[in-house]
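The values are calculated or read from the model by the stated rules, or taken from the named source; none is laboratory data. Because the structure is predicted, anything quoted here is derived from the model rather than measured. All Cβ positions, glycine included, derive from the backbone under ideal geometry; neighbour counts span all protein chains shown. SASA here: full protein model, heavy atoms, side chains in, ligands and nucleic acids out. Shrake-Rupley method; radii C 1.70, N 1.55, O 1.52, S 1.80 Å.
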Amino acid sequence: MPEENTNTFPCFVVDTSFMAAYLLNGFYDDEFSGCISDIEYVLQNNGQLFVPQLFWYEIYNVILYKTRKGKDALSKADALDILYDLQKLPIVTEPQANGEIRARIFDLAEAYNLSFYDASYLELARRLGLELKTYDDELKKAW
């Protein structure tokens, strides 16, 4: 694990599992409530959340999927409210990964038996020297 972030304001790399738990809190019973205090800490202290471009496709897909879950489905209005709230968060999206970064992601995915998608969060956290916030067990082990 890289050295702790020494910025004067909180910054984390967040993956889709972490942000989905935060965004969907209150709609579903969830044991992942620790994300709320982490995000509130970032908001209260002028911090930032970092994500790869892939994040936006993943999180929108999660919310879309939740609108298709039968009797427990989110309404379209609730989904749109969640996505609106997401846009207000201090999220910094990393630019498209170049060939060197994609090669590092590939190596991490191979070394830790992760998907290329998950390894992109790991690579970003390591490159930026930031803590990775995730609820993915395999990604936690790799971190």
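Each residue in the stretch 3-38 was checked for being at pLDDT below 85, out of contact with any Leu (no Cβ under 8 Å at 6 or more places or on another chain) and either surrounded by 14 or more Cβ atoms within 10 Å (Cβ to Cβ) or not charged (D, E, K, R) (or both), and 10 of them qualify. Restricting Leu80, Leu86 to residues that are more than 22 Å from Trp143 (Cβ to Cβ), open to solvent by 60 Å² or more (accessible area, probe 1.4 Å) and part of a helix (DSSP H, G or I) narrows the list to Leu80. With the checklist (1) of a type in the set (Val, Ile, Thr); (2) more than 16 Å from Gln53 (Cα to Cα); (3) out of contact with any Lys or Arg (no Cβ under 8 Å at 6 or more places or on another chain) in hand, flag the one item Ile105 doesn't pass. Of (1) of a type in the set (Val, Ile, Thr); (2) more than 16 Å from Gln53 (Cα to Cα); (3) out of contact with any Lys or Arg (no Cβ under 8 Å at 6 or more places or on another chain), only one is false for Ile105: (2). Here Arg68 meets each of (1) open to solvent by 60 Å² or more (accessible area, probe 1.4 Å); (2) assigned to a helix (DSSP H, G or I) with one exception, condition (2).
Scanning the stretch 89-128 for residues being assigned to a loop (DSSP other than H, G, I, E, B) and surrounded by 14 or more Cβ atoms within 10 Å (Cβ to Cβ) gives a total of 5.
When Leu49 is tested against (1) in contact with a Pro (Cβ under 9 Å, 6 or more places away or on another chain); (2) in a helix (DSSP H, G or I); (3) hydrophobic (A, V, I, L, M, F, W, C); (4) surrounded by 16 or more Cβ atoms within 10 Å (Cβ to Cβ), only condition (2) is not met. Only one entry in Ile101, Ile91, Ile63 is more than 21 Å from Ile39 (Cα to Cα) and touching a helix residue (DSSP H, G or I) at 6+ places or on another chain (Cβ under 9 Å), namely Ile101. Taking the numbered list (1) under 22 Å from Gly34 (Cβ atoms); (2) modelled with pLDDT of 95 or more; (3) in a helix (DSSP H, G or I); (4) not aromatic (Phe, Trp, Tyr) in turn, Leu132 passes all entries but (3).
Residue pairs whose Cβ atoms lie under 6 Å apart, separated by 6 or more positions or on different chains, with the first residue in the stretch 77-93 and of a type in the set (A, V, I, L, M) and the second loosely packed, with under 13 Cβ neighbours inside 10 Å and not in a helix (DSSP H, G or I), do not occur.
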